[in-house]
Amino acid sequence: MSTPKIVTSSPKIIVHWLNQSRANYIIWFLEELGLTYEVKVYERDKNMRAPEELKKIHPLGKSPVLEVDGEILAESGYMMSYLLKNYDKDYRLTPSSIALQNKVDYYLHYSEGSFHPPEVMLVVLNVTRKKLPFGIKFLGGKILDAIADNYALPEVVTHLNYLENNLEGQEYFCGDKLSAADIILSFPLRNSLKLLRNPERERKNYPNVLAWLDRISKREGYKKAQEMDKEHPAKF
């Protein structure tokens, strides 16, 4: 029989952080919990790929990855659930009611399973368009635009409308207090607004989301996470 893992009150945490990735909201998450951590920085190559070095930490070579007292944790939603369960004893990011806790759990799955895929597809299509050889740039661009306009973009707009409605009458996604739901949704929501065909005009359709983004952007943990990307800009 294996020995149960002992969870310490002051864990040794290492964040394996990749620029232009969801690792940013793990930094913000840890800041909100008041946990001490170290950061090991990895940078994407010119093709937007993570370095092979990350596969030495986790076989999938993705980021974020956490080491907590030597245990490797992957998948953003799981990491947040693990940290909430073991280290959020003061309910900093955990709602007090069971109903709202269940809602947080829903958003942790929703963000990664439903919202991220079309948003990531739009990013990939945009990067691919920039890298098309000159001889097929026009035709290839038309094909990529058709994929974006007929699938990825309408899906992203559907999610934006859904989340806009969910914020009606409240400051955060799970009531009047910041929770893990807000943190995990911050990355895809911010990116999705930038990926609209006419961001400056269309973003006005989402006043609740814009007010929420303004609200969270004033938090010190959020600012610290954003500063990381400024220090390590992508080169693709």
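I need a count of the residues in the range 60-87 that are under 23 Å from Ser10 (Cβ atoms) and either assigned to a loop (DSSP other than H, G, I, E, B) or among the basic types (Lys, Arg) (or both).
Of the residues in that region, 4 qualify.
Out of Leu122, Leu84, Leu139, Leu93, I need the residue that is in contact (Cβ under 8 Å) with a residue 60 or more places away in the chain, farther than 27 Å from Arg219 by Cα and not hydroxyl-bearing (Ser, Thr, Tyr). Which one?
After applying the criteria, what remains is Leu122.
Could you list all residues from the range 28-51 that are outside any loop (DSSP other than H, G, I, E, B), modelled with pLDDT of 95 or more and either at positive phi or in contact with a helix residue (DSSP H, G or I) (Cβ under 7 Å, 6 or more places away or on another chain) (or both)?
Hits for the range 28-51 are Trp28, Phe29, Glu31, Glu32, Leu33.
Can you pull out the residues in the range 76-111 that are more than 19 Å from Glu32 (Cβ to Cβ) and buried (at least 16 other Cβ atoms within 10 Å of the Cβ)?
Of everything in the range 76-111, just one residue is more than 19 Å from Glu32 (Cβ to Cβ) and buried (at least 16 other Cβ atoms within 10 Å of the Cβ), namely Tyr110.
Would you point out the residue of the range 211-232, among those that are over 17 Å from Lys194 (Cα atoms) and outside any helix (DSSP H, G or I), that is modelled with the lowest pLDDT?
Going through the qualifying residues, I end up with His232.
Quick one: in the range 148-178, of everything that is surrounded by 13 or more Cβ atoms within 10 Å (Cβ to Cβ) and acidic (Asp, Glu), which residue is farthest from Tyr222 (Cα to Cα)?
Glu155
Yes/no per residue for (1) over 29 Å from Ser217 (Cβ atoms); (2) aromatic (Phe, Trp, Tyr); (3) outside the structural domain of Ile183 (by TED's automatic domain parsing):
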| position | (1), (2), (3) |
| --- | --- |
| Ser21 | no, no, yes |
| Ile27 | no, no, yes |
| Tyr37 | no, yes, yes |
| Lys46 | yes, no, yes |
| Val68 | no, no, yes |
| Glu71 | yes, no, yes |
| Ala74 | no, no, yes |
| Met80 | no, no, yes |
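Just for helices (runs of 4 or more DSSP H) wholly inside the range 92-210: which have at least 3 residues that are aliphatic (A, V, I, L, M)?
Once the helices (runs of 4 or more DSSP H) in the range 92-210 are filtered for at least 3 residues that are aliphatic (A, V, I, L, M), what remains is 98-110, 116-130, 137-147, 153-166, 180-194.
Considering (1) out of contact with any helix residue (DSSP H, G or I) (no Cβ under 6 Å at 6 or more places or on another chain); (2) surrounded by fewer than 17 Cβ atoms within 10 Å (Cβ to Cβ), say which one Asn208 fails and leave the rest.
Of the numbered conditions (1) out of contact with any helix residue (DSSP H, G or I) (no Cβ under 6 Å at 6 or more places or on another chain); (2) surrounded by fewer than 17 Cβ atoms within 10 Å (Cβ to Cβ), the odd one out for Asn208 is (1).
Working carefully through the options Asp145, Asp176, find the one that is out of contact with any strand residue (DSSP E or B) (no Cβ under 7 Å at 6 or more places or on another chain), among the acidic types (Asp, Glu), within 21 Å of Met48 (Cβ to Cβ) and modelled with pLDDT of 90 or more.
Going through Asp145, Asp176 in turn, just one is out of contact with any strand residue (DSSP E or B) (no Cβ under 7 Å at 6 or more places or on another chain), among the acidic types (Asp, Glu), within 21 Å of Met48 (Cβ to Cβ) and modelled with pLDDT of 90 or more: Asp145.
The values are calculated or read from the model by the stated rules, or taken from the named source; none is laboratory data. Just so it is clear, the model here is predicted, and its values are computed rather than measured. Heads up, the Cβs are rebuilt from the backbone with ideal geometry, glycines too, and the neighbour counts pull from every protein chain shown.
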